[in-house]
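To start, the structure under review is shown below, and the notes come after it.
The values are calculated or read from the model by the stated rules, or taken from the named source; none is laboratory data. Values in this document were obtained by computation on a predicted structure and should not be read as measured data. Virtual Cβ from ideal backbone geometry, glycine too; neighbours counted across all protein chains shown.
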Amino acid sequence: MSDESHASPQSTAPHLTAAVIPAAGRGVRLGPGAPKALRALSGLPMLIHAVRAMAASRGVSLVVVVAPPDGAVEVKNLLDEHALPETTDYVVVPGGDTRQESVRAGLDALPPGITEVLVHDAARPLVPVDTVDAVIEAVRGGAPAVVPALPLADTVKQVEPATESGAPEPVVATPERALLRAVQTPQGFDLATLIRAHEQVALNGEGATDDAGMVEQLGVQVVVVPGHEEAFKVTRPLDLVLAEAVLARRRANDGF
Ligand code: C5P
């Protein structure tokens, strides 16, 4: 670990980037079964794909996996079984009731010397390394918060949520589609900025679904870099079919 005691913002102190992977969700929308991060994709748990996707970047020196609270030992065993590149260390910590609490547990586990952090959903197992590298480069270039994002295919409507299930919902507004982006992970942060966001932005209800949103609430500028269609989130059963197709295409391409 580097000694940051003499560092100034302009110093050439080494950058050390860790990736926190919240993987403690149950994945209810995917249907019954194991916690989402432990469901298999091409025979490997989704989480292993996600960890490898982070470790594939030479910029990532540590991966912190936030496991389901009762599954930390199982997850640690899985990671031990599926070797990572020698340059990447990993630790496993138990998660919390909300994604925000799980990310906080991951941040609490970071050792001294880390300067930037990526937060990456285990549910986005197929993000390409170029996207990871682009986020790291933007943060190291001085942006305190960076999110990969894509333009939307669908038009989005804001509605007044129905009080009875199945009742038609009145449309309140139609935001201009060209100004909207669907954000993905890994989201990258100057570590001190993200820690400040977790300390100062209140937890309420489900908590934040997006770390960059918490940083926005601090009044800090968040910027977007191009995302990738393969960084989609595996949420519903059809996403598993798509993920298997992406992996099959990669295997076929590797064969040539
Ligand atoms: O539920 P959602 O798809 O938004 O979850 C995004 C990511 O946050 C997933 O990788 C999930 O495992 C993680 N999560 C968590 N702890 C929770 C809830 C979600 O680590 N309590």
**OP:** Test Val66 against the criterion of being outside any helix (DSSP H, G or I) and in contact with a strand residue (DSSP E or B) (Cβ under 7 Å, 6 or more places away or on another chain), and give yes or no.
**Re:** yes
**OP:** Hey, could you check region 93-104 for residues that are part of a helix (DSSP H, G or I) and touching a strand residue (DSSP E or B) at 6+ places or on another chain (Cβ under 7 Å) and say which is surrounded by the fewest Cβ atoms within 10 Å (Cβ to Cβ)?
**Re:** Arg99
**OP:** Could you identify the single residue in Ala197, Ala134 that is within 26 Å of Gly96 (Cα to Cα), assigned to a helix (DSSP H, G or I) and among the aliphatic types (A, V, I, L, M)?
**Re:** Ala197
Subject >> Breaking point among (1) among the hydrophobic types (A, V, I, L, M, F, W, C); (2) within 16 Å of Val127 (Cβ to Cβ); (3) away from the ligand (no atom under 16 Å from the Cβ), for Ala252 >> reply: (2)
**OP:** Show the residue pairs that are 6+ apart or on different chains and have beta-carbon atoms under 6 Å apart, the first residue being within region 32-45 and touching a residue at least 12 places away in the same chain (Cβ under 8 Å), the second being basic (Lys, Arg).
**Re:** Pro35/Arg26
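So that you can scan it fast, the table gives a plain yes or no per residue for (1) basic (Lys, Arg); (2) out of contact with any Phe, Trp or Tyr (no Cβ under 6 Å at 6 or more places or on another chain); (3) modelled with pLDDT of 90 or more; (4) farther than 28 Å from Ala245 by Cβ:
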position	(1), (2), (3), (4)
Gly27	no, yes, no, no
Ser42	no, yes, yes, no
Gly59	no, yes, yes, yes
Val73	no, yes, yes, yes
Original post:
Just a yes or no: is a residue in region 126-135 within 14 Å of the ligand (Cβ to nearest atom) and within 16 Å of the chain's Cα centre (by Cα)?
Top reply: yes
**OP:** Please work out which residue is nearest to the ligand (Cβ to nearest atom), limiting yourself to region 19-57 and to residues that are in contact with an Asp or Glu (Cβ under 8 Å, 6 or more places away or on another chain) and either assigned to a strand (DSSP E or B) or basic (Lys, Arg) (or both).
**Re:** Pro22
Original post:
Is one or more of the residues making up region 151-163 modelled with pLDDT of 95 or more, within 27 Å of the chain's Cα centre (by Cα), of a type in the set (Ser, Thr, Tyr) and closer than 19 Å to Pro226 by Cα?
Top reply: no
Original post:
Looking at (1) away from the ligand (no atom under 16 Å from the Cβ); (2) closer than 27 Å to His15 by Cβ; (3) not in a loop (DSSP other than H, G, I, E, B), which is the only condition Leu107 fails?
Top reply: (1)
**OP:** Taking the residues in region 80-96 that are modelled with pLDDT of 90 or more and under 30 Å from Ala197 (Cβ atoms) as candidates, determine which candidate is farthest from the ligand (Cβ to nearest atom).
**Re:** Asp89
Original post:
Looking at Val215, Val234, which is the one that is part of a loop (DSSP other than H, G, I, E, B), surrounded by 13 or more Cβ atoms within 10 Å (Cβ to Cβ) and among the β-branched types (Val, Ile, Thr)?
Top reply: Val234
Original post:
Does at least one position in region 69-92 carry a residue that is in a helix (DSSP H, G or I) and β-branched (Val, Ile, Thr)?
Top reply: yes
Original post:
Give me the pairs: first residue in region 121-142 and closer than 11 Å to Gly188 by Cα and of a type in the set (A, V, I, L, M), second residue assigned to a loop (DSSP other than H, G, I, E, B) and within 16 Å of the ligand (Cβ to nearest atom), beta-carbon distance under 7 Å, and six or more apart or on different chains, which are they?
Top reply: Val132/Pro186; Val135/Pro186
Original post:
Is there any pair with a first residue in region 72-87 that is closer than 14 Å to Leu44 by Cα and a second that is surrounded by fewer than 11 Cβ atoms within 10 Å (Cβ to Cβ) whose Cβ atoms are under 8 Å apart and which are 6 or more apart or on different chains, and what are they?
Top reply: none
